[in-house]
């Protein structure tokens, strides 16, 4: 059932007021948003991509450095961003640049007790998982990767806005098993999902990236982009599962997993293979997805 427009507007006003009062808000990742727009264009060419990357010399140098590492290096090292894009290909450069921009965004003013490092690691694993699953299901790997990377940005914003109060709330939910989103809603009038989605929209991120940040508990198959939402939610759950030291049950046995796999017709064989691929990829995380 669609919510009344006046209610949506009132919620947006409240979210904007909260976001606007944060003094150390992460800057708008303009280059990343522009790169996402290019990625969504079927006729984007290499010259446009290179021109965009040249606007950030430090980032371009990092792309060149990573291009010349053992994984991507050819017979001779590349010397400029144009050659790096040609060697790596747009999809690989896109994921590389979005991950670096995302890490910048998720690296903000330190909040005592809040582990931004843990948030970045979880976001990186979710991005890897979402991209891999989307690719195997015929969805956009790059968009899913981006949605997975930014889906929890609202936690950082709440930490920046509420400080120790939010850290204590997170700790309480972790110790008691209480729903974080529901507790946030009661305490602040909105949760990290709503804050994150609103910030992404303010930045100019497309619906394919901002909508998965909301991650509704029940994803209506009639809603446009529901598959990317399901993929992002599954990726986030897998990231949480991988981060556990000794999970009590297989990933497929988690209560939240079954309705999501059924929503996108993902069988257990595919699910297990995906988990294995993600675990293998995560081993490369320090080398490929740190800022």
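The values are calculated or read from the model by the stated rules, or taken from the named source; none is laboratory data. Quantities reported herein were computed from a predicted structural model and do not represent experimental measurements. Here the Cβ is made from the backbone with ideal geometry for all residues, glycine too, and neighbour counts use every protein chain on show.
Of the conditions (1) outside any loop (DSSP other than H, G, I, E, B); (2) within 22 Å of the chain's Cα centre (by Cα); (3) more than 18 Å from residue 284 (Cα to Cα), residue 28 fails just one. Which one is it?
Status for residue 28: all satisfied but (1).
Would you call residue 87 under 20 Å from residue 141 (Cβ atoms), modelled with pLDDT under 85 and not assigned by TED's automatic domain parsing to the domain that holds residue 194?
Spelling it out, it is not the case that residue 87 is under 20 Å from residue 141 (Cβ atoms), modelled with pLDDT under 85 and not assigned by TED's automatic domain parsing to the domain that holds residue 194.
Go through (1) closer than 16 Å to residue 125 by Cβ; (2) in contact (Cβ under 8 Å) with a residue 24 or more places away in the chain one by one and return the number of the condition residue 194 breaks.
Every listed condition holds for residue 194 apart from (1).
Cβ-Cβ under 9 Å, sequence separation 6+ or interchain: first residue in region 133-159 and without any contact (Cβ under 8 Å) to a residue 24 or more places away in the chain, partner surrounded by 24 or more Cβ atoms within 10 Å (Cβ to Cβ). Which pairs?
Every condition considered, the pairs that remain are 135/144.
State yes or no: is residue 64 touching a helix residue (DSSP H, G or I) at 6+ places or on another chain (Cβ under 9 Å) and crowded, with 22+ Cβ neighbours inside 10 Å?
No.
If you go through region 80-117, how many residues are part of a loop (DSSP other than H, G, I, E, B), touching a helix residue (DSSP H, G or I) at 6+ places or on another chain (Cβ under 8 Å) and surrounded by fewer than 17 Cβ atoms within 10 Å (Cβ to Cβ)?
6
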